[in-house]
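Below is one structure, written out as structure tokens, with a few remarks after it.
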């Protein structure tokens, strides 16, 4: 989680998480185990609005905050699909019952994102070089 934070791929706190979700940048939103019910409800609302997953993180607010270099954190959003997929896979390995379905859903999303990125790169290459077509004689 700290590596993702240093890479700028984590939004920490209610306002940044909401902004990331509304901007469709959030891939997964984590809530602390002991977060207030209103915070959890708001996080699920953000996830619904941003079409992303919202999962409980198996740590309390203090431990969650320490992992992110803060004192106490109730929610955070991971904006990079690779980091999100990696984190959820690790959580699924520890607790497959809770995180297994989310891990599979993120695998599908990551695959689609990778395909879109490759298609976009090919499209840009075609625009730069011109697409070669073979004409029938």
Given the criteria part of a helix (DSSP H, G or I), buried (at least 21 other Cβ atoms within 10 Å of the Cβ) and modelled with pLDDT of 90 or more, does residue 77 qualify? no
Can you tell which of 63, 113 is surrounded by 14 or more Cβ atoms within 10 Å (Cβ to Cβ) and within 13 Å of the chain's Cα centre (by Cα)? 113
Which of the residues spanning region 1-59 are closer than 22 Å to residue 69 by Cα, free of Cβ contacts under 8 Å to residues at least 40 places away in the same chain and in a helix (DSSP H, G or I)? 6, 15, 18, 19, 39, 40, 43
If I filter region 88-101 for residues that are at pLDDT below 90, surrounded by fewer than 18 Cβ atoms within 10 Å (Cβ to Cβ) and closer than 14 Å to residue 27 by Cβ, do I get at least one hit? no
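The values are calculated or read from the model by the stated rules, or taken from the named source; none is laboratory data. Here the structure is a predicted model, which is why all the values come from computation and not from measurement. Neighbour counts are summed over all protein chains in view; Cβ atoms, including those assigned to glycine, are modelled from backbone coordinates with ideal geometry.
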